[in-house]
Each structure stands twice: as C-alpha cells, then as structure tokens.
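A short write-up of the structure that comes next.
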Amino acid sequence: MSPRKISARTHKLEVLSYRQHFNAVWQRIMTENFETPAEAAVFFGVDPSTAENWFDGRNAPQGWGVGWLLRNPETRAFAIDALAGAA
C-alpha cells in the first residue's frame, strides 16, 4: 500500500468519527436550548421528524443549520461554546 492510500483511509475514519461526535454535540445543543422537538422544528423550519432525529442524536444538519443557530443572538453563545467543546 502506498502512504497515500493509508492516509486517505485514516482520514475517512476520522471524518466518520467526527460526524458521530457532531451528532452528539448537536443533540446536546437541541435538548439544552429547546423544550421539545416541535419547538426546534419551528425555529429551524424543518419537519417535526427531522427535529426528533436531532433530539435523539440520530443525525444533525449540514452547515445551514449551524449557521442559522449562530445567527440567532439567543442561541449564539451556547452554540459557539458547544461546537468548540467549551460547554
């Protein structure tokens, strides 16, 4: 195996691991900032089932969701801390 193939495989595993970590971080952001999945669904303009998946840690949004959360003054500070690993 060439070093490039090894590093590419390692990189893929790191990305997958971080995606799982991000789902857990996003779940924490949801549960600590919204009373219910329905409240989060209204805030983000998503289907209730999407918000339920976020609350359960099954998945997380792509960049748009993070951007929307950071754009809101009421959720910005907590989101920055949580995403940076400080909260």
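The values are calculated or read from the model by the stated rules, or taken from the named source; none is laboratory data. Since the structure is predicted, the reported quantities are computational estimates derived from the model, not experimental observations. Here the Cβ is made from the backbone with ideal geometry for all residues, glycine too, and neighbour counts use every protein chain on show. Protein only, heavy atoms only, side chains kept; ligands, DNA and RNA dropped before computing areas. Shrake-Rupley method; radii C 1.70, N 1.55, O 1.52, S 1.80 Å.
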Just checking, how many residues over the range 17-47 are open to solvent by 80 Å² or more (accessible area, probe 1.4 Å) and either at pLDDT below 95 or more than 20 Å from Pro73 (Cβ to Cβ) (or both)? 6
Flagged in the range 44-87 as touching a Gly at 6+ places or on another chain (Cβ under 9 Å) and either of a type in the set (A, V, I, L, M) or in contact (Cβ under 8 Å) with a residue 60 or more places away in the chain (or both), in numbering order, are Val46
